[in-house]
Amino acid sequence: MFQFFGKLTNEFLINGNSALFNNFKQDSIFKLSEFIDFVSPFYCVQFDKVLYQSFEKNNLELFTSIIKAPQLFNPTDVNLVFKSLTNLLNSKISEIDQIRNEIENEESNYDEDSIKDIIGIVKRNFPNNFLNLLPTYFQSQILKIATSINRLSNAIWDAFETTVVSYELTGYLITLNIDGLDRPTFENNYKIIKKRHDDKTEQKKNAPLLKKWANVLLEIRELIKRTDDKKIKGVVGFASLNNLFDINELNALPSFANEIRSQIAFSIRSLSISMWNKHNDIKNSIGTIKLAMKINVSADDSLKFKQDFEELTELEKKYRGVLICHFCEKNTPDEDAKISKTMYKETSRTYFPRRVQFSYVDVEIPRCNSCKQIHSQGGGQKSLSMVIGAGVGVIIGAIADEHFIIGGLLGLGIGWLVGSSQASGTYSNHKIKDDSSDSIAAHPILRSRFAEGWTFSKPSA
Ligand SMILES: [Zn+2]
């Protein structure tokens, strides 16, 4: 016992040789209050000094030994024992608060790049492997440290673009032994910052991909503008839209693309609306909204597209023949391709004197340009065949026995038959209806007129 005491006094209490702490053993003498009373004043001074030095010199092994060594001081002396380390930590807190103040007051010299050095400064000022060994005496000071780091993190978050510093700082401060009551606040804060940091990192990583889809979005907006301005027709808009992007590729993008995916879907919906509003183009309007429906969007958005689709389908049913060319049942009618027909309806007829009164109306049958072309091609075939037939008939009639009139009429009839058959071949090749009165009479908008007694032939007296 006295041997140990001699060693303690000589090596530690007087010379401050801290190596002693490495092989400190529990001894029954430490429990004697007389011994503690005697040794405490010396012990406090040396303990305080060695604890401070080991922290300053980053000597974790020595720091650990001291903290775990027998506490040979009176409980009333606790402030003396931890005085230097407490002061040191306070000065480090002030240093961090100073940096924060400068950032808040826009007086800081840090820039986007050098602000990252703060992470190292904070970790060096408050090494968690040291601080987490400290006794509960330091609890309030640990909280002060955590609060100081947290405020610095917030200031950096507000003043700089980078999120990595705040993310690292808040992540670091929760590795400290913060008291249970204050812990959730810091942890929540960390979660929020981590989420934003992760989002930003993900966005940065995917920037080139997002740019590509942002361009697709711009192209669609251009299509909408051109459709609104009647520079392009629905059919062109729809074809351009389909060539613009691969829907499977868009749908396969991960959740970071949700926003752009939704924007693209809504732009396509606007294009569909524009095709309908500006061009009455039901067919391409429906085709376009169907494309929007194929894009993976939220359930709410998806429902909107479905409603649009249903409304358009209703309109299509209601205005069949007006909104889609009656002859091909495929294309949108074109303004300059419509067929004008006069219809008549007898209003009164008298026999003495023989007189008929009637009213008439010019009706317009919507038709597409393509059908107009094919009809005129068919009409041409018919005329040509009749001219050739009549010519050949006249010649044969004249040569045979001078009945060139009969020959001509026969030839005309044969020509008409041949031409009609050629024309109907042309129509069936193109899968369209002919433009005869019978065919036109079957048009949905004329059916009711026929039912009311209207005809294509002018009533004669
Ligand atoms: Zn047509």
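Distance distribution P(r), segment 207-318, all Cα-Cα pairs, bin width 10 angstrom from 0: 15, 48, 31, 6, 0 percent. The distance separating the Cα centre of segment 376-409 from that of segment 213-261 comes to 57 Å. When GluC sites (Glu not before Pro) are flagged only if DSSP places them in a loop and at most 12 other Cβ atoms lie within 10 Å, the longest unflagged stretch of the chain comes out as 162-401.
In this structure, the amide hydrogen of residue 281, modeled 1.01 Å from its nitrogen in the peptide plane, lies closer than 5 angstrom to those of 276, counting only residues at least 5 positions away or on a different chain. Here the Karplus curve 6.51 cos²θ - 1.76 cosθ + 1.60, taken at θ = phi - 60°, turns the phi angles of segment 84-93 into couplings of 5, 5, 4, 5, 4, 5, 4, 5, 6, 4 Hz, with x standing for Gly and Pro. Over the chain, the fraction of Cα-Cα pairs per 20 Å bin, rounded to whole percents and listed from the shortest bin up, is 16, 24, 19, 14, 12, 9, 5, 1, 0.
Straightening the chain between residue 253 and residue 231 buys 4.6 nm, computed as 0.36 nm per residue apart minus the Cα-Cα spacing. Spacing of the modelled spin labels on residue 205 and residue 406, each 7 Å from Cα toward Cβ, amounts to 9.5 nm. Across the chain, the mean sequence separation of Cα contacts (distance under 8 Å, 6 or more residues apart), normalised by length, yields a relative contact order of 8 percent. Using the Karplus relation 6.51 cos²θ - 1.76 cosθ + 1.60 with θ = phi - 60°, the per-residue 3J(HN,Hα) values for segment 405-413 come to 5, 4, x, x, 5, 4, x, 4, x Hz, with x marking Gly and Pro. Averaging Cα coordinates gives a centre for segment 36-53 and one for segment 115-166; these two points are 30 Å apart. The stretch between residue 447 and residue 398 holds 12.9 nm of extra length on full extension. This uses 0.36 nm per residue minus the Cα-Cα distance. On average, how much area does the Cα convex hull of segment 236-291 cover when viewed from any direction, in nm²? Hull-based average projected area comes out at 3.6 nm².
Over 24 Å between C-alpha atoms is what I'm after, so list which of 230/433; 144/194; 290/372 land there.
Where the Cα-Cα span goes over 24 Å, the pairs concerned are 230/433; 290/372.
Around the Cα centre of the chain, unit charges on the Cβ atoms of Lys, Arg, Asp and Glu (plus for the first two, minus for the last two) sum to a dipole of about 2080 debye.
Subtracting the Cα-Cα distance of residue 187 and residue 416 from 0.36 nm times their residue separation leaves 73.2 nm of extension gain.
The smallest convex shape that holds all Cα atoms of segment 133-196, its convex hull, gives 69 Å³ per residue.
The per residue volume of the convex hull around the alpha-carbon atoms of segment 85-205 is 99 Å³. Between residue 76 and residue 246, the distance separating the two model label sites (each 7 Å from Cα on the Cα→Cβ line) works out to 8.4 nm.
Where the alpha-carbon atoms of segment 334-461 are placed on the principal axes, they occupy 52, 47, 21 Å, in descending order. Sequentially through segment 329-345, phi angles give Karplus couplings (6.51, -1.76, 1.60; θ = phi - 60°) of 6, 9, 8, 7, x, 10, 4, 8, 10, 5, 9, 9, 9, 9, 10, 10, 9 Hz, Gly and Pro residues having no value and appearing as x. With the charge dipole of segment 337-451 set up from +1 on Lys and Arg Cβ and -1 on Asp and Glu Cβ about the Cα centre, the Cα lying farthest toward the positive end among the listed residues 445, 339, 429 is that of 445. Amide H contacts of residue 334: 367, 368, 369, each under 5 Å away and 5 or more positions distant or on a separate chain (H built 1.01 Å from N in the peptide plane; Pro and chain starts excluded).
Compared with the dominant Cα axis of the chain, that is its longest principal axis, helix 234-244 is turned about 40°. Among the cysteines of the chain, 44, 328, 371 have no other cysteine beta carbon within less than 4.7 Å of their own.
In terms of other Cβ atoms within 10 Å, 343, 293 run from fewest to most in the order 293, 343.
We did not get these values from a lab; they are worked out from the coordinates using the rules stated. All values derive from a computational prediction rather than experimental measurement. Virtual Cβ from ideal backbone geometry, glycine too; neighbours counted across all protein chains shown.
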